[in-house]
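Written below as structure tokens is the structure these notes are about.
The values are calculated or read from the model by the stated rules, or taken from the named source; none is laboratory data. Only a predicted model underlies this, so the values are computations on that prediction, with no experimental measurement involved. A quick note on method: Cβ atoms are made from the backbone with ideal geometry, for glycine too, and the neighbour counts reach across all protein chains shown. We work out accessible area using only protein heavy atoms, side chains counted, and drop any ligands, DNA or RNA first. Shrake-Rupley method; radii C 1.70, N 1.55, O 1.52, S 1.80 Å.
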Amino acid sequence: MDDLEIRRAALADVPVIVAMLADDPLGATREGDPADPAYAMAFAAIDADPHQLLAVAERGGEVVGTLQVTVIPGLSRRGMSRALIEAVRVRAGQRGHGTGRQLVQWAIDHARAQGCGLVQLTTDRSRTDAHRFYEGLGFEATHLGMKLAL
């Protein structure tokens, strides 16, 4: 589908983004009311940070996908910056039509344009379809990700 437009998210997009984040078994346990002021505050922090980009994909004027890209400057690998892709979601009715592939490829191109030498992401161990999706885009499971809830 060639009519996909990817752009920086706006505050007005937040309710749709939150709905997409909540639209799966894992997200449903983590997300709340899109009108919660915490989401608007988080959006303001993301939008103000030059290393962050919250993007949405639109088709026919409707938001159908989202992701967040963070550029992380670093000393390792001779001072190489890397990009972290997070919270990739495609609206249920749009899955399986290349929307996610176009969105992630756009994020990779954005990372390259920002001078990043590496793109990384994590995906929940239980999301086997997502693992195949990312492998199909050239990602390799080279590291073991760990988290500590605070």
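Using a probe radius of 1.4 Å on heavy atoms only, what accessible surface per residue do you get for the chain? Whole Å² is fine.
Accessible area per residue: 62 Å².
Which FRET efficiency value, to the nearest 0.05, do you get for residue 126 and residue 78 by plugging their Cβ-Cβ distance into 1/(1 + (r/R0)^6) with R0 = 35 Å? Don't jump to the answer; show the numbers that get you there.
Details: r = 36 Å, r/R0 = 1.03.
That gives a FRET efficiency of 0.45.
What do you get for Rg/Rh over the chain if you use C-alpha atoms and the Kirkwood form of Rh?
Across the chain, the Cα-based Rg/Rh ratio is 0.94.
Once fully extended, how much extra length lies between residue 19 and residue 113, figured as 0.36 nm per residue of separation less the alpha-carbon to alpha-carbon distance?
That works out to 30.9 nm of additional length.
Using a probe of 1.4 angstrom, how much of the accessible area of the chain is carbon and sulfur, in percent?
The C+S portion of the solvent-accessible surface of the chain is 56 percent.
Taking only DSSP H segments of four or more residues, each worth -39500 (n - 2.57), what value at 222 nm results for the chain once the sum is divided by all its residues, to the nearest 500 deg cm²/dmol?
Calculated mean residue ellipticity at 222 nm is -10500 deg cm²/dmol.
At 0.36 nm per residue, minus the direct Cα-Cα distance, what do residue 144 and residue 48 gain on full extension? Give it in nm, one decimal, please.
31.5 nm
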